[in-house]
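Where a number appears in this text, it was derived from the coordinates with a stated rule and is not lab data. This is a predicted model, so every value here is computed, not measured. Here the Cβ is made from the backbone with ideal geometry for all residues, glycine too, and neighbour counts use every protein chain on show.
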Amino acid sequence: MLAYIGSKVKELEKKIIGCRRDLHKHAEPGWTEFRTAAMAITELQKLGYTIKMGEEVCKRSAMMGVPPAAELKAQQERAIAQGANPELIKKMDGITGFTAEMKFSDGGPVMGFRVDMDSNDANESKDSDHKPAKEGFASINAGAMHACGHDAHVAVGLAVAEIVASMKDKLKGSVRFIFQPAEEGLRGAGPMVAAGVTKGLNYILGMHVGFQADKKGSLVCGAKGFLASTKWDVTITGLSAHAGAAPQEGHNALLAAAVAAINLHAISRHGDGVTRINVGKMIAGEGRNVVPPNAFMVMETRGATSELNNYMAGEAGRVIKAACDMYQCSHSIEVTGGTQSGESSEEMIEIVYEAAKELPEYTDITKMKDFGAGEDYAHMMSEVQKDGGIGTYVQVGVTRMAGHHNSKFDIDEADLLPAAKLMSYVIYKVLRK
Ligand SMILES: [Zn+2]
Ligand SMILES: [Zn+2]
């Protein structure tokens, strides 16, 4: 079957690269993937997939960081001007996420494949040494650039959908492609999960070009350490004193905690991505006429990457110390948990690993790496795992011309072919009769 899949991929080579370049040229940032989604839906319908779109697959009230209505309207008009089907745009009702499902048999396993579609909010390089600029497929949409490779994800995802559809007589169960908007900023997976797109999935597969698989032939079958978070219990110790007769002798731990809490929430946000902080609980003091000698806070920080979370935790430590110094209090911090919120299932890593070993294109295969970055696919994967399913996140090797989110980000498109081959083969191995 691998030989068949390989020949199909070869057949689709021009289409994959053409699709990637077309999407690259018409980059659409989070929640505005109207043209991208319309093109993909049209393609998938032709292949016989059942499409679900709009609020059925993406809970509107859970959508975060959505551009203002006027901007969304302008982007819809732009999408139509750039060739999108106006009827489909209307049907989306402002929601670009959709699913495409194909059922091969009653019962049997259900396999999900998540594809993210959004570009970055970035301006693409116009330099002549940047291939997309030189060859005329750099983004024509100001402030929007595919600098992460999600254009390649859609191109590969559609090729995989085509190959899987062509093998339908040999498969059981069903396959569900989840085309997700707004991965950048970690906004799109949550509302799709809230609408139930992961319900009933026994397996889920996610893929990213590059990152830790940063050259041709490399492959990372699984990942852990997605969204970093730190949970702290903070104990502040001061000195009690008579609040009426000798307040000057006390060290007020309640005030130290209060000042700390307010300023923890005032920590400057970070330009590199999403950060969070919350003081969720505070207990302090003893009696009405006693200067409070004790305080206790329960808090957490979060970051889209380990670095961002470390920044938040570092600043939080500084703020707590400064507040305690102000009131001559001492403090101790107990780390009570956190760090990450997603990890590939071992069993699923094995499936990918065993499949990849049969592809001569992958010469440098790693089973698992610490991802160390935010990726809201972790949200979908953990939902599937919670329901008893298994999943993994695969980083497929591509030779990159610059790092992700760089204005000169570009990939060697030839490396997309083994990616399409591997993903199709993994789906085949899981769903074969
Ligand atoms: Zn990115
Ligand atoms: Zn990405």
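Residue ranges 215-222, 204-211 sort as 204-211, 215-222 when ordered by packing (mean number of other C-beta atoms within 10 Å per residue, highest first). Once the Cα-Cα distance is subtracted from the 0.36 nm per residue extended length, the Ala142 to Leu239 segment shows a gain of 29.0 nm. Applying the Karplus relation 6.51 cos²θ - 1.76 cosθ + 1.60 with θ = phi - 60° to the range 396-410 yields 3J(HN,Hα) values of 9, x, 9, 7, 10, 8, 7, x, 4, 6, 8, 5, 10, 4, 6 Hz, where x marks Gly and Pro. A simple spin-label model places pseudo-atoms 7 Å from Cα toward Cβ; at Ala70 and Glu11 they are separated by 5.0 nm. Taking 7 Å steps out from each Cα toward its Cβ at Ser128 and Glu77 produces label points 3.7 nm apart. The order of the peptides 25-32, 257-264 by mean Cβ neighbours within 10 Å, most packed first, is 25-32, 257-264. What shape does the range 1-136 have by the C-alpha gyration tensor, where a ≥ b ≥ c are the square roots of the eigenvalues, rounded means a/c under 1.5, and otherwise prolate means a/b greater than b/c and oblate the rest? Judged from the Cα gyration tensor, the range 1-136 comes out oblate (a/c at least 1.5, b/c at or above a/b). Once the Cα-Cα distance is subtracted from the 0.36 nm per residue extended length, the Tyr4 to Asp364 segment shows a gain of 127.2 nm.
When a footprinting reagent is the concern and you count Cβ atoms within 10 Å, what order do Met1, Met53, Met381 take, fewest first?
Least to most surrounded, the residues fall as Met1, Met53, Met381.
Over all projection directions, the Cα-based convex hull of the range 228-339 averages an area of 6.4 nm². Using only Cα coordinates, the Kirkwood hydrodynamic radius of the chain works out to 23.3 Å. Under 20 Å from a label point set 7 Å out along the Cα-to-Cβ vector of Asp121, the amide N atoms of the range 4-48 belong to 26-36.
As a test, work out the antiparallel percent of DSSP beta bridges whose residues both lie in the chain, rounded to the nearest 5. The antiparallel proportion sits near 65 percent.
The amide H of Gly391, built 1.01 Å from its N in the peptide plane, has Ile204, Ser345, Met348 as neighbours under 5 Å, considering only residues 5 or more places off or on other chains. Available extension along the chain between Gln45 and Asp387 is 120.2 nm, counting 0.36 nm per residue and deducting the alpha carbon span.
Computed FRET efficiency, Cβ-Cβ of His404 and Ser332, R0 51 Å: what is it to the nearest 0.05?
The value I calculate is 0.85.
Each label point was placed 7 Å from the Cα along the Cα-to-Cβ direction; for Ser105 and Asn85 their separation is 3.2 nm.
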